[in-house]
Amino acid sequence: MYRILKKRILNPTVTLMDVEAPQVARKALPGQFIILRVDEEGERIPLTVAGTNAETGAVTIIFQTVGATTYLLSLKNEGEYIQDFAGPLGEPTKLDGLKKVCIVGGGVGCAIAWPIAKALKEKGCEVVSITGFRSKDIVILEDEFKACSDRLIMMTDDGSYGRQGNVTVPLKEMLENGETFDEIITIGPVIMMKFVTLTAKPFGVPVTVSMNPIMIDGTGMCGGCRLTLNVDGKRVTKFACVDGPDFNGYEVDFDEAMSRGRMYAEFEKHAYESACRLFTNA
Amino acid sequence: MALNPHKHPMPVQDPALRAHNFNEVALGYTPEIAFEEAARCLNCKNAPCVQGCPVNIDIPGFISKLKQRDVEGAYKVISASSSLPAVCGRVCPQETQCESKCTMGIKFEPVGIGRLERFAADTHNANPKGETKKPVPNGHRVAVVGSGPSSLTCAGDLAKRGFAVTVFEALHTAGGVLVYGIPEFRLPKRIVASEVEGLKALGVDIQTNVIIGKTLTVDELFEEGYEAVYIGSGAGLPNFMNIPGEALKGVYSANEFLTRSNLMKAYRDEPVTPIMKGGRVAVVGGGNVAMDAARTALRLGAEKVYIVYRRSMQELPARREEVEHAEEEGIDFRLLNNPVEILGYTNPENPRDPRNGCVTGMRCIRMELGEPDAKGRRRPVPVPGSEFTLDVDTVVIAIGTSPNPLIKNTTRGLSVNDHGGIIIDENAMTTREKVYAGGDAVTGAATVISAMGAGKKAAASIEKALLGQ
């Protein structure tokens, strides 16, 4: 059992939690993830590590309530326990040798982008961050991004905060103005990562994307998290849990990943609704 | 009394009934049947059956006890060699091991050794056990990676000899393939849980949610004071066929399909982990895992389940009893067929149609058997122009796995072969001193009992290395 040390509501659907898991806290690096089960009957879900504190043994997770499991997790309070919490899994994001990076985060993906931006800043890298949200009321981690970015460009779809438009708009402007980056690291909805990659392509800037497909064990056993890369004209199957979650954006078959991501959409909707009903009735 | 030429049949659940439930198929011998079956054993002096057993159980010894109606005595004889008797009695391919060597089998049917083993173990487990006597500690610590059959065997053998053993399991439940892979109807989870409890009673410490190679490395295990490490991390990433359509919605690896159903209990009416239920299912492959997946699909409510295998029944590697059970339950065996493409749905009008990307069928080609290959198995060759489409909406690929890559990627000095299997010497030691390995992590997908044999051998080597005997 793993104790919840801290809980902070970041916006109506996004929650931050510090979970006591000293073995994970000692090891986890930006880009890696954990697998948790809320209770003994729960499903296993992967969540990216948003931060660690080796002294307190805390691992920070930030999650959006999107389905039954994240809903149940969001109901847990400080001092309560999570059944299982295993990690760190996946390969850390490669940060060495980067001098100037553009971080592009979308929605709750910003929670994963933030520790990477922070780590890069600490390594002396110049960090330009672009964050994108639907509207002002769901903006998260603004102060955190400001603290670790040389420049922060905030976008909202409806223009209620920062600039109006999606994240590719300022990215394209910068690239067209001749600004160069060693790498673009993008984390968010698959469709956003696809368009960030397409935007960067004419300029030849390397793009790293962080994939978060459906997973079960997370340790290289079930193969559920597979995705297809196009490598030198050949289609290659890779597994996000052990080969990723970071991949070269130019190689990923995003359309396939999006389709696979919707495999259980109906089931999830139903499960979420019944979980909500269960708790609102009780 | 004349010798009964036939093995006593195993009482089973009615096929029509069991095809729709997850209860155990084989019900086990009653004491009367067991004692009569035991009477068929000739108690051969040279005991060829023992040579056929990867863990060398004293088979005539335990059957003799059964002849005397001393079931607990029989159990003791078995458990001297095997840490998991109730498991082996259920999942071992006895027809290619102990029973294949049985003298009775030369003229008649061999003795039902596996069934008797199960009877002894189940009878023992059904009775309340006294306090397990913990062995006297010998002061040495060993870490065991994984908690599948090879690891549990290694841990059990070492614990019995006084070693302080810690088992590290990556998942949330101990048992490895016995809990995520083998379905409830073939190996009830309570059996595995009870074997694991037995090890705990011996003093084995089981830590779940620890991924060796990630949470802790092998180096750190040594730093923490473990003097030897056994790696039984098991089967890893599933193999795919590399044909078009394998990423469509409705295509599973057998590992994923079975893990969803078994470990995550997706077979229940209101599961929290989803799985595709019902419809028409093709399972590709001919091993035990393929049989398990096909029969699981049936029990999940599929209206039609095919086994698609590229060779013939003769080459089909699954345990014979499972094949017979599958046939009785109505699994349709499409032998000498090989998939060439999985077909998917596309709505040209609506890119947001949720059915887009779902499986609609599988293109197959008929095969015929050609010349024998290096292993002596006749190689299947496609028959030109014989393609046809199988009307299915779920495809489960059960064509094997490659060893888990996590440990080899994170452990210095560990050599692996071309298939990713950890290389070991005749003492089960890897290329790194005091690090041993066995089971699927070494061999690639194999049987529970061969994994147990490997765990047993490693335990003996570790004992020798640490105690210098």
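The values are calculated or read from the model by the stated rules, or taken from the named source; none is laboratory data. Small disclaimer: the values here were computed from a predicted structure and weren't measured. Please note: Cβ atoms are built from the backbone with ideal geometry, for glycine as well, and neighbour counts cover all protein chains shown.
For every residue, the table says whether it meets (1) assigned to a helix (DSSP H, G or I); (2) more than 22 Å from A:ALA200 (Cα to Cα); (3) more than 9 Å from chain B (Cβ to nearest Cβ).
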position	(1), (2), (3)
A:THR228	no, no, no
A:ALA257	yes, no, no
A:ARG260	yes, yes, no
A:MET263	no, yes, no
A:GLU268	yes, yes, no
A:ALA271	yes, yes, no
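Any residue in the stretch B:270-283 that is touching a helix residue (DSSP H, G or I) at 6+ places or on another chain (Cβ under 7 Å), within 26 Å of B:ALA446 (Cβ to Cβ), more than 9 Å from every other protein chain (Cβ to nearest Cβ) and in contact (Cβ under 8 Å) with a residue 40 or more places away in the chain? Before the answer, list the steps.
Our first condition is that a residue be touching a helix residue (DSSP H, G or I) at 6+ places or on another chain (Cβ under 7 Å); within the stretch B:270-283, this holds for B:272-275, B:281, B:283.
Narrowing the set further to residues that are within 26 Å of B:ALA446 (Cβ to Cβ) leaves B:281, B:283.
Remaining after also requiring more than 9 Å from every other protein chain (Cβ to nearest Cβ): B:281, B:283.
Restricting the remaining residues to those that are in contact (Cβ under 8 Å) with a residue 40 or more places away in the chain gives B:281, B:283.
So far as the stretch B:270-283 goes, yes, one or more of its residues are touching a helix residue (DSSP H, G or I) at 6+ places or on another chain (Cβ under 7 Å), within 26 Å of B:ALA446 (Cβ to Cβ), more than 9 Å from every other protein chain (Cβ to nearest Cβ) and in contact (Cβ under 8 Å) with a residue 40 or more places away in the chain.
Scan the stretch B:20-55 for residues that are surrounded by fewer than 17 Cβ atoms within 10 Å (Cβ to Cβ), part of a loop (DSSP other than H, G, I, E, B) and free of Cβ contacts under 8 Å to residues at least 60 places away in the same chain and report the count.
7
Quickly run through the stretch B:220-247 and pick out the residues that are part of a loop (DSSP other than H, G, I, E, B) and either buried (at least 24 other Cβ atoms within 10 Å of the Cβ) or facing another protein chain (nearest Cβ under 8 Å) (or both). Steps first, please.
So in the stretch B:220-247, the residues part of a loop (DSSP other than H, G, I, E, B) come out as B:224-227, B:232-234, B:239-247.
Within the stretch B:220-247, B:GLY232, B:SER233, B:GLY234, B:PHE240, B:ASN242, B:GLU246, B:ALA247 meet the criteria.
Checking A:LEU5 against (1) surrounded by 21 or more Cβ atoms within 10 Å (Cβ to Cβ); (2) farther than 20 Å from A:MET215 by Cβ: exactly one of these is not met. Which one?
All conditions are met except number (1).
Every residue in the stretch A:1-45 that is more than 14 Å from chain B (Cβ to nearest Cβ), in a loop (DSSP other than H, G, I, E, B) and in contact with a strand residue (DSSP E or B) (Cβ under 8 Å, 6 or more places away or on another chain), please.
Of everything in the stretch A:1-45, those that are more than 14 Å from chain B (Cβ to nearest Cβ), in a loop (DSSP other than H, G, I, E, B) and in contact with a strand residue (DSSP E or B) (Cβ under 8 Å, 6 or more places away or on another chain) turn out to be A:THR13, A:PRO30.
Just for the stretch A:226-267: of the residues that are farther than 20 Å from A:VAL196 by Cβ and in contact (Cβ under 8 Å) with a residue 60 or more places away in the chain, which one is surrounded by the fewest Cβ atoms within 10 Å (Cβ to Cβ)?
Within the stretch A:226-267, the match that is surrounded by the fewest Cβ atoms within 10 Å (Cβ to Cβ) is A:ASP243.
Starting from the stretch B:399-414, take each residue that is assigned to a loop (DSSP other than H, G, I, E, B) and list its partners that are of a type in the set (Ser, Thr, Tyr), counting only C-beta distances under 7 angstrom and pairs at least six apart or across chains.
Short answer, once both residue conditions are applied: B:ASN404/B:SER233; B:THR411/B:THR217; B:GLY413/B:THR431; B:LEU414/B:THR430; B:LEU414/B:THR431.
Checking the structure you have, find out if any residue of the stretch B:136-157 is within 14 Å of chain A (Cβ to nearest Cβ), part of a strand (DSSP E or B), in contact with a Phe, Trp or Tyr (Cβ under 8 Å, 6 or more places away or on another chain) and closer than 23 Å to B:ILE449 by Cβ.
Checked against the condition, which is being within 14 Å of chain A (Cβ to nearest Cβ), part of a strand (DSSP E or B), in contact with a Phe, Trp or Tyr (Cβ under 8 Å, 6 or more places away or on another chain) and closer than 23 Å to B:ILE449 by Cβ, the stretch B:136-157 yields at least one hit.
Kindly indicate the residue of the stretch A:46-103 that is charged (D, E, K, R) and in a loop (DSSP other than H, G, I, E, B) and also nearest to the chain's Cα centre (by Cα) among those meeting that condition.
Pass one, the stretch A:46-103, residues charged (D, E, K, R): A:55, A:76, A:78, A:80, A:84, A:91, A:94, A:96, A:99-100.
Cutting the leftovers down to in a loop (DSSP other than H, G, I, E, B) gives us A:55, A:76, A:78, A:80, A:91, A:94, A:96, A:99.
Values: A:GLU55: 24, A:LYS76: 21, A:GLU78: 23, A:GLU80: 25, A:GLU91: 14, A:LYS94: 15, A:ASP96: 20, A:LYS99: 23 Å.
Among those residues, the one meeting the criterion is A:GLU91.
Cβ-Cβ under 6 Å, sequence separation 6+ or interchain: first residue in the stretch B:343-365 and without any contact (Cβ under 8 Å) to a residue 24 or more places away in the chain, partner of a type in the set (D, E, K, R). Which pairs?
B:TYR345/B:ARG355; B:ASN347/B:ASP353
Given the criterion within 20 Å of B:ILE449 (Cβ to Cβ), in contact with a strand residue (DSSP E or B) (Cβ under 6 Å, 6 or more places away or on another chain) and among the aliphatic types (A, V, I, L, M), identify the matching residue among B:ALA26, B:ALA47, B:ALA74. If you could, list the steps in order and put the result at the bottom.
On the way: B:ALA47 fails: in contact with a strand residue (DSSP E or B) (Cβ under 6 Å, 6 or more places away or on another chain); B:ALA74 fails: in contact with a strand residue (DSSP E or B) (Cβ under 6 Å, 6 or more places away or on another chain).
The unique qualifying residue is B:ALA26.
Can you find a residue in the stretch B:299-309 that is among the aromatic types (Phe, Trp, Tyr), under 21 Å from B:LEU390 (Cα atoms) and without any contact (Cβ under 8 Å) to a residue 40 or more places away in the chain? Spell out the reasoning first.
First pass over the stretch B:299-309, keeping only residues among the aromatic types (Phe, Trp, Tyr): B:306, B:309.
Subsequent filtering for residues that are under 21 Å from B:LEU390 (Cα atoms) retains B:306, B:309.
In the following step, the residues that additionally are without any contact (Cβ under 8 Å) to a residue 40 or more places away in the chain were identified as B:309.
Looking through the stretch B:299-309, at least one residue is among the aromatic types (Phe, Trp, Tyr), under 21 Å from B:LEU390 (Cα atoms) and without any contact (Cβ under 8 Å) to a residue 40 or more places away in the chain.
Please verify whether A:PRO92 is within 14 Å of another protein chain (Cβ to nearest Cβ) and under 27 Å from A:SER149 (Cα atoms), treating the condition exactly as stated. Write out each step before concluding.
Values: within 14 Å of another protein chain (Cβ to nearest Cβ): yes; under 27 Å from A:SER149 (Cα atoms): yes.
Yes.
Conditions tested, residue by residue: (1) more than 15 Å from the chain's Cα centre (by Cα); (2) of a type in the set (S, T, N, Q); (3) farther than 24 Å from A:GLN32 by Cβ.
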{"site": "A:ARG134", "(1), (2), (3)": "yes, no, yes"}
{"site": "A:ASP137", "(1), (2), (3)": "yes, no, yes"}
{"site": "A:ILE140", "(1), (2), (3)": "no, no, no"}
{"site": "A:SER149", "(1), (2), (3)": "yes, yes, no"}
{"site": "A:SER160", "(1), (2), (3)": "yes, yes, yes"}
{"site": "A:THR168", "(1), (2), (3)": "yes, yes, yes"}
{"site": "A:THR199", "(1), (2), (3)": "yes, yes, yes"}
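Name the pairs: first residue in the stretch B:185-201 and surrounded by fewer than 17 Cβ atoms within 10 Å (Cβ to Cβ), second residue part of a loop (DSSP other than H, G, I, E, B), Cβ to Cβ under 7 Å, at least 6 apart or on different chains?
B:ALA201/B:THR132
Working carefully through the options B:SER415, B:SER402, find the one that is within 24 Å of the chain's Cα centre (by Cα) and at pLDDT below 95. Let's see the steps before the verdict.
On the way: B:SER415 fails: within 24 Å of the chain's Cα centre (by Cα).
Exactly one of B:SER415, B:SER402 is within 24 Å of the chain's Cα centre (by Cα) and at pLDDT below 95, namely B:SER402.
Restricting the first residue to the stretch A:113-129 and requiring it to be not assigned by TED's automatic domain parsing to the domain that holds A:GLU183, which pairs with a second residue that is of a type in the set (Gly, Ala, Ser) and crowded, with 18+ Cβ neighbours inside 10 Å meet a Cβ separation below 6 Å and a spacing of at least six or different chains?
Correct list of pairs: empty, since none qualify.
Across the stretch A:187-198, what is the total count of residues that are surrounded by fewer than 21 Cβ atoms within 10 Å (Cβ to Cβ) and not hydrophobic (A, V, I, L, M, F, W, C)?
2
Taking A:GLU144, is it in contact (Cβ under 8 Å) with a residue 12 or more places away in the chain and touching a strand residue (DSSP E or B) at 6+ places or on another chain (Cβ under 9 Å)?
Working: in contact (Cβ under 8 Å) with a residue 12 or more places away in the chain: yes; touching a strand residue (DSSP E or B) at 6+ places or on another chain (Cβ under 9 Å): no.
So A:GLU144 fails the test.
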